[in-house]
Each structure stands twice: as structure tokens, then as C-alpha cells.
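*Asks:* Got a structure for you, written out below as C-alpha cells; questions coming shortly.
The values are calculated or read from the model by the stated rules, or taken from the named source; none is laboratory data. Quantities reported herein were computed from a predicted structural model and do not represent experimental measurements. When we count neighbours, we look across all protein chains shown, and the Cβ atoms used for this are built from the backbone with ideal geometry, even at glycine.
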2 protein chains.
Amino acid sequence: MKKKYIMAPGPTEVPPEVLAEAAKPVMHHRTPQFRKILTEVLDNMKYVIGTARNVYIMASSGTGAMEAAMANVVSAGDKVIVGTIGAFGDRWETMAKAYGASVVKVAPEWGYALSIAEVKKALDANPDAAAIFVQLNETSTGVYNDIEAIGKLTAGHKALLVVDGISGIGAQPYYMDKWGVDVTVIGSQKGLMIPPGLAYVSCSEKAWKVIEANKTPKFYFDLKRYEKAMTKEKMPDTPWTSAVSLIMQQAVALRLIKEETNEKVWERHAKLSKSVREGIKALGLELFAKENPAVVLTSIVAPQGIDTKILVKKIRDDYGISMAGGQGKMEGLIFRVGTLGYTDRFDPIMGVAAVEMALKEMGANIEIGKGVKRTMEVLMEEYK
Amino acid sequence: MKKKYIMAPGPTEVPPEVLAEAAKPVMHHRTPQFRKILTEVLDNMKYVIGTARNVYIMASSGTGAMEAAMANVVSAGDKVIVGTIGAFGDRWETMAKAYGASVVKVAPEWGYALSIAEVKKALDANPDAAAIFVQLNETSTGVYNDIEAIGKLTAGHKALLVVDGISGIGAQPYYMDKWGVDVTVIGSQKGLMIPPGLAYVSCSEKAWKVIEANKTPKFYFDLKRYEKAMTKEKMPDTPWTSAVSLIMQQAVALRLIKEETNEKVWERHAKLSKSVREGIKALGLELFAKENPAVVLTSIVAPQGIDTKILVKKIRDDYGISMAGGQGKMEGLIFRVGTLGYTDRFDPIMGVAAVEMALKEMGANIEIGKGVKRTMEVLMEEYK
């Protein structure tokens, strides 16, 4: 018998009451009974994103919602700015190029956040840029960006601010309308606490003007079709068949978030991730994030001689905990411990303990219990 | 207390053991443990589709898989043939136009199947057509097409044969390779017996040559990315985050299909739908399908003075059974009774009984029990 845990930056563990919801009989999607649930989900998503604008829900992974943002605001030949601080930022670039856009890149060294001064420089130098694409939280490096500051720069600029909030929203502060974000993209399997398969998009009025005029070929991700479905027979609907069981699960998960409140959810993630970071530092390991460390995961540099592919495999296959290795150019060099979604104070303790035990077994020079002790102290302090 | 049933042509009812599977803890998708399940699903999908080619699985509704077919084989300026016999065929046309293709239409009156002679004429007159898009089963009218015959026509033609098998596959005979189909598109919430949210695509070698050269802007539905992921570390993977809980459910549902065998599944659908058709005719109502009546649903013309929107609402809200009304230009004029997926011999009896009771209550001139009696007789004959 081996208990299984997920401590990855998505998919994350799903609360039991949310799992149980999926075992209920399937509902037909074109019924007032189901559309009532859909309405509740969309309303609560507005609360989580911090917007008064409509939220569109699609059956797809987060990457699909990224493409919805791209295909609806960018036309072939457009110039766009991509602010990338890791593998998911690089995906914006690949996608923009697939759609025939020319890309101006702001790309600090991995481990750093976007420099607001560099973003300003790029926006000033490119007044014709159609949009700037960024991440709220970059999962591959464990670094978040200051979206509020970027929103202040795009407010007076032609460029739309498109934010991939897939791993950050539902875990760290986010105010779409207040910060002036034009397009927000979200996935279901992170802070939203359900299995993967749903994604969300919301657009500002400024974005909507661009979207209405956009002629890029698209169909499934055409946001105009989603908007049109919102008011069908005076109740929200989706243009294509809704992923009904996932939406039923999302309704339950969003009730949990709303009951806890956004602010308490954000605070919890901040506390738990801090306890992991402090524990890891006490152990003598180096954090990969040089600034703005993520609250949804902690990225850690491997000690001398440790291949994190083997470390992650050991923790998964021997101990039953799914963590994450490094992505792209950091493969084998870093590993990442998630504290995302359905997580509480004993999760960091388990995570740091597993890291200690595995590293020790792999021959690293660490003192068992030292990291966990510090994690516990931080948790006791934070939860006082 | 009201028991709830789905007798719609999708989403359909999901077997209890498949529902229960979704209540299991979420797995991380980038693990050998999950990819073993994915491998099983993809292998069993080959069996269901009748292909030796790879099958790609995507988190999307069936429409997304239709777009994957379109965006990967069609380039702006291409000429395509659309064989449409209803609302979903018309969707091929809308989609082709969204991608800048010019469309040659073969469109018999609703209620009829594609005439093979007309399809031949269109192919002969358009040797430059890049593809022909058709439905295996047209859900909006309840009529199926003779794909085998169309496959014989495209075998010697430049055009790829693209088949929307969303509502038909897993319920009626389909042999992708043997019939010479080039692209097959499937959804999860019909014959595949899981909730909506997954879709499948498979492509012939002939199609793959076109796909490899295709430059239409795309990302999420780019089949080359799906193909590339199939061989990552020698095990199938998906390019984007897998909808893990739906795939876990699909594994269980496909085991049920494989155990029953394709042939027995097809036979069951044929028997059940026949019993509904015969019962409805005995009741004095008219079937909407003038030829090739669907096995996954029965489309029925409303008796004089009956608005099927009200009929379907009554059966749903008063009796608890979700059936379907008419789509597009048949709204209010026909209604559709599903016998799709997880269905057995008492489902047709319930369906015909509900239709009789509702029509009687709405004032139609029918004799209670007459249709049900005939349905029972047919079932006893078929199951002898």
C-alpha cells in the first residue's frame, strides 16, 4: 500500500467533495437545470478573476485558452511583444509566430521576473505593438510577474495586455479590471482545484474592440461565438457541448474558494510556500527564483551531483509523491515542489521531508530533519 | 423524487462504474503510471475506429476535433466539397469558409442521406478538391451516410475523405482503414460512454502527407504536435495537459466496449433503434428520416398542432427524461429520441411510453400503449 500525493504545479490534488461530484450522473447541457450551474460557475469566476466582464468557458487545456487569446487579438503581420521569463512565456512566442506575428522579446535570464523598466522600454519603442503577452506566474521557473505595474504601462498604449494566469489565479492576488488587464487566460487544474480539461478567458472592453474586428481564421476558439452563446434564451450557454461533469465539479470547487474568500486563499498560498522556501534554505539548498518567488511552487537548484530527473522519479515511484523536475533548458538541474490549490499546513512538511529523505538516500550531504524543523517553525509563526 | 434519464443523442448516460472512476484521485499526466492508461485508451480506440494508424486525443468537444481536421488538411484558397445532410454538415461548411476555403456543396433535402451518385458527380467535376467533409451519422436529422461507398470514390481521387464520426462511432459499423477514410473525428460523450470533454482524431497516410505540408496557422489543434508527443520517451503522451480524469473514465468505458465487441455493440444499437422506430410508427407518427435511419436516435415528425419545444420540455421537466428537439430549421417541428451508448432493452420502452404519455397530455390523438406494445414485440423478436 502506497498513499499517493500530488505536489506538482498542476494538475493538483482535488478536494474529495469535488471528486465525488464527477461521479454524479451526467446532465444534458442544453437544459435550464445545467445552465443554472453554468451561470453560478461563471459568476464565481468573475469573483476569482476580479472582473465585471463576461467569462468564457471552454473544454480545453490551458494552452487552448492561450490560443483563444492569440487567435482573437492577433492578425498575421502584427507586431507583438512577448515578455517571457520561462518555458510558458516561450510558448507565447511560438504561438505568436505560428499566427504570423513578428515578436519583440523581453526575456531576462531564467530565475528573474520581467523588469518593469525593460517592459516600458519595449512598449515605448514599439507604439505599434498590438499586444504584450506575459505570465502572472511562470511555472517553469517559479517566478511571478508584477502585472499591476505592467497594466499601468499598457493603459495609455495601443497594446493589449494578455495575461496567462493559468498557474497563478486562484492562488495569488489578481485583479483583472483594477489592474487594467485586457485578456485573462486560466486553466482548471491549478488553483481552481478540479481536474484538467476546462479553461477560461475574459476580455476587457479595449480587447473586445480588437476581437470584433479580428479576421484570423478560427472556429472552436472564436470568442465571438462564446459571447453570442452567453445570452442565448437569457441564460449563459457554451457554443459547443459543455464538459458538463467538469463544470459540475468547478461549481463545487468555486463554492469552497468563495467561502474561504480570495484574500484568505492567497494568504494561505503565501504562508505555505514561504515555509517550503525557508525549509529548503535551512537545508542548505539554493532557490532557483532570484526574485518574486512563486507562491504556487518552489523551484530548487539540485545539489552538486544530483540529477533531478532521478530525484523526482524516486520521490514519485518510491514515496508516492508527484513533484516536478525542470522544464526545457533546466531539465535535470532544478526540481519544483508545488503548494497549489487544495493544500494545507502539513503538505509543506511532507514535501520538505520527502526532499530530505530522497536527497540523503541519493548521497547528498544534508542533515535529515533540518529543513523540516525550519518549515515547522515558519508554519507555527505564520499560523499564530 | 424524480429519477433522471438522458435519451438524447449526446451527452448520453454514463455507466456507473465509469462515473465512479472520475471520483478517484487525479493523477499527474507526465508519469509512466498515467501514460500506461493513455496507451491502453489509444490502443482500444484503434479497435473501435478500425485503424492501425495512430489516434490523437485532445481535451475539447467534438467541434474542436472537427476543427483539427479542417485546420490540418485545408489551406486558404483550397476548394473543398461538403456533403451536408443537416446542421452538423452545415458546420463543416461554416468552418471551411472560416478557413478561407471555397465550398462545393452536396446537400440533399433534410431527411435524406447523401446520394452516392451526387457525390461522384461532385468529385468528378472537381478533381482539384482538397477534401470532402461528411458525417457518418447526422444527429440533427437522424440519418446516416454510406461512408464505405464514398470511400470507394475518394480512393482514386486527390480529395481526402474526412468523416465526422462523433455521434456514430461506437454505435454503428465503421472501418476507417478498410473503407479508405482519411481523417476520422470522434467525441467522447456519445457511443464512447463518458462525459463530454474529450475528442479523437486519426489520419490515413494519404492525409498525413497533406498535414505535414499544411501551413494553416494553428497551435492547440496542430496534429503534428500530437504525433510528435506519441513517441516521447517511447510512450504516448499528449502535447498539452491531458484531461486525466476523463481519460481514466475512457479507459473503463472502452474496456466495456471491447468486452462486448464492436459487432455486438453495433447490433444492440440496431435492435434498440428499430424497436423505437416501429413503436413510433405503430402510434401513427411519421419518422423524419426518409432513408438510412440512424441507430443512435430516432427523429420523429411532430403530430399536427404539437410544438416539439414544449413536448421536449414537458418530458424533461415533468418526467425527468432529457430528449432532444429539432435543430436549426427543424426547431419545434421534430423531436429526437436517443438510443445511444449505455442503453439496453427497457430504454426504448421507457422512451416510447414517455412520448405517448406526453403527447396524450398535450391533446394529440393517440392511443396510449399502442406504440409501447409494438416496441415490446420488436424487442422480443430481436432478442429471441
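*Asks:* If you go through region A:29-58, how many residues are closer than 15 Å to residue B:197 by Cβ, assigned to a helix (DSSP H, G or I) and either facing another protein chain (nearest Cβ under 8 Å) or in contact with a His (Cβ under 9 Å, 6 or more places away or on another chain) (or both)?
*Replies:* Count: 2.
*Asks:* Cβ-Cβ under 6 Å, sequence separation 6+ or interchain: first residue in region A:1-16 and in contact (Cβ under 8 Å) with a residue 40 or more places away in the chain, partner acidic (Asp, Glu). Which pairs?
*Replies:* Short answer, once both residue conditions are applied: A:6/A:13.
*Asks:* Residue check: is residue B:26 away from chain A (no Cβ under 14 Å), crowded, with 22+ Cβ neighbours inside 10 Å and either closer than 30 Å to residue A:340 by Cα or more than 21 Å from the chain's Cα centre (by Cα) (or both)? So that I can check it myself, show each step before the final result.
*Replies:* Values: away from chain A (no Cβ under 14 Å): no; crowded, with 22+ Cβ neighbours inside 10 Å: yes; either closer than 30 Å to residue A:340 by Cα or more than 21 Å from the chain's Cα centre (by Cα) (or both): yes.
Here the answer is no, as residue B:26 does not meet what is asked.
*Asks:* Just give me the residues in region B:288-310 being closer than 16 Å to residue B:112 by Cα and without any contact (Cβ under 8 Å) to a residue 40 or more places away in the chain, in sequence order.
*Replies:* B:301
*Asks:* When you look at residue B:267, is it away from chain A (no Cβ under 14 Å) and in contact (Cβ under 8 Å) with a residue 24 or more places away in the chain, yes or no?
*Replies:* Working: away from chain A (no Cβ under 14 Å): yes; in contact (Cβ under 8 Å) with a residue 24 or more places away in the chain: no.
So residue B:267 does not fit the description; no.
*Asks:* Further, regarding this structure: Only one residue in B:61, B:75, B:115 is surrounded by fewer than 19 Cβ atoms within 10 Å (Cβ to Cβ) and within 14 Å of chain A (Cβ to nearest Cβ), so which one is that? Before you say what the answer is, go through the steps one by one.
*Replies:* Working: B:61 fails: surrounded by fewer than 19 Cβ atoms within 10 Å (Cβ to Cβ); B:115 fails: within 14 Å of chain A (Cβ to nearest Cβ).
Just one listed residue meets the conditions, B:75.
*Asks:* Closer than 16 Å to residue A:71 by Cβ, out of contact with any Cys (no Cβ under 7 Å at 6 or more places or on another chain) and not basic (Lys, Arg): does that describe residue B:93?
*Replies:* Values: closer than 16 Å to residue A:71 by Cβ: no; out of contact with any Cys (no Cβ under 7 Å at 6 or more places or on another chain): yes; not basic (Lys, Arg): yes.
So residue B:93 fails the test.
*Asks:* Starting from residues that are part of a loop (DSSP other than H, G, I, E, B) and under 17 Å from residue B:243 (Cα atoms), keep the ones in region A:1-14 and report whichever is modelled with the lowest pLDDT. Give the steps one after another, and end with the answer.
*Replies:* From region A:1-14, those part of a loop (DSSP other than H, G, I, E, B) are A:1-4, A:7-14; that's our starting set.
Narrowing the set further to residues that are under 17 Å from residue B:243 (Cα atoms) leaves A:8-14.
Numbers: A:8: 94, A:9: 91, A:10: 88, A:11: 93, A:12: 95, A:13: 95, A:14: 97.
Looking at residues that are part of a loop (DSSP other than H, G, I, E, B) and under 17 Å from residue B:243 (Cα atoms), I get A:10.
*Asks:* Moving on. So, of the residues in region A:177-196 that are surrounded by fewer than 21 Cβ atoms within 10 Å (Cβ to Cβ) and in contact (Cβ under 8 Å) with a residue 60 or more places away in the chain, which turns out to be nearest to the other protein chains (Cβ to nearest Cβ)? Let's see the steps before the verdict.
*Replies:* Quick first cut of region A:177-196, residues surrounded by fewer than 21 Cβ atoms within 10 Å (Cβ to Cβ) only: A:177-178, A:180.
Cutting the leftovers down to in contact (Cβ under 8 Å) with a residue 60 or more places away in the chain gives us A:177-178.
Numbers: A:177: 27, A:178: 29 Å.
Across region A:177-196, the extreme among qualifying residues is A:177.
*Asks:* All but one of (1) surrounded by fewer than 24 Cβ atoms within 10 Å (Cβ to Cβ); (2) at pLDDT below 95; (3) within 30 Å of residue B:316 (Cβ to Cβ) hold for residue B:32; state the number of the condition that does not hold.
*Replies:* Unmet condition: (3).
*Asks:* Using beta carbons and a limit of 6 Å, which pairs, at least six apart or on different chains, have the first residue in region B:208-234 and at the interface with another protein chain (Cβ under 8 Å from one of its Cβ atoms) and the second one in a helix (DSSP H, G or I) and hydroxyl-bearing (Ser, Thr, Tyr)?
*Replies:* Going by the 6 Å Cβ cut-off, the qualifying pairs are B:220/A:63.
*Asks:* Out of the residues in region A:235-245 that are over 16 Å from residue B:327 (Cβ atoms) and at the interface with chain B (Cβ under 8 Å from one of its Cβ atoms), state the one that is surrounded by the fewest Cβ atoms within 10 Å (Cβ to Cβ).
*Replies:* So the residue we want is A:244.
*Asks:* For region B:246-260, name all the residues that are in contact with an Asp or Glu (Cβ under 9 Å, 6 or more places away or on another chain) and either surrounded by fewer than 22 Cβ atoms within 10 Å (Cβ to Cβ) or among the charged types (D, E, K, R) (or both).
*Replies:* Hits for region B:246-260 are B:251, B:252, B:255, B:256.
*Asks:* Moving on to the next point. Has region A:185-203 got at least one residue that is modelled with pLDDT under 95 and at positive phi?
*Replies:* no
*Asks:* Continuing with this model, one more query. Condition first: aliphatic (A, V, I, L, M) and within 22 Å of residue B:94 (Cβ to Cβ). Now tell me which residues in region B:148-173 satisfy that.
*Replies:* Initial filter on region B:148-173 (aliphatic (A, V, I, L, M)): B:149-150, B:153, B:155, B:159-163, B:166, B:169, B:171.
Listed by number, the residues that qualify are B:150, B:159, B:160, B:161, B:162, B:163, B:166.
Quick grid of which residues meet (1) in contact with a Cys (Cβ under 9 Å, 6 or more places away or on another chain); (2) within 14 Å of residue B:54 (Cα to Cα); (3) not basic (Lys, Arg):
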{"position": "B:169", "(1), (2), (3)": "no, no, yes"}
{"position": "B:178", "(1), (2), (3)": "no, no, no"}
{"position": "B:196", "(1), (2), (3)": "no, no, yes"}
{"position": "B:203", "(1), (2), (3)": "no, yes, yes"}
{"position": "B:213", "(1), (2), (3)": "no, no, yes"}
{"position": "B:239", "(1), (2), (3)": "no, no, yes"}
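*Asks:* Residues B:207, B:199: which one is more than 27 Å from residue B:128 (Cα to Cα), under 25 Å from the mean Cα position of the chain (by Cα) and surrounded by 17 or more Cβ atoms within 10 Å (Cβ to Cβ)? Break it down stepwise before answering.
*Replies:* On the way: B:207 fails: more than 27 Å from residue B:128 (Cα to Cα).
Answer to the selection: B:199.
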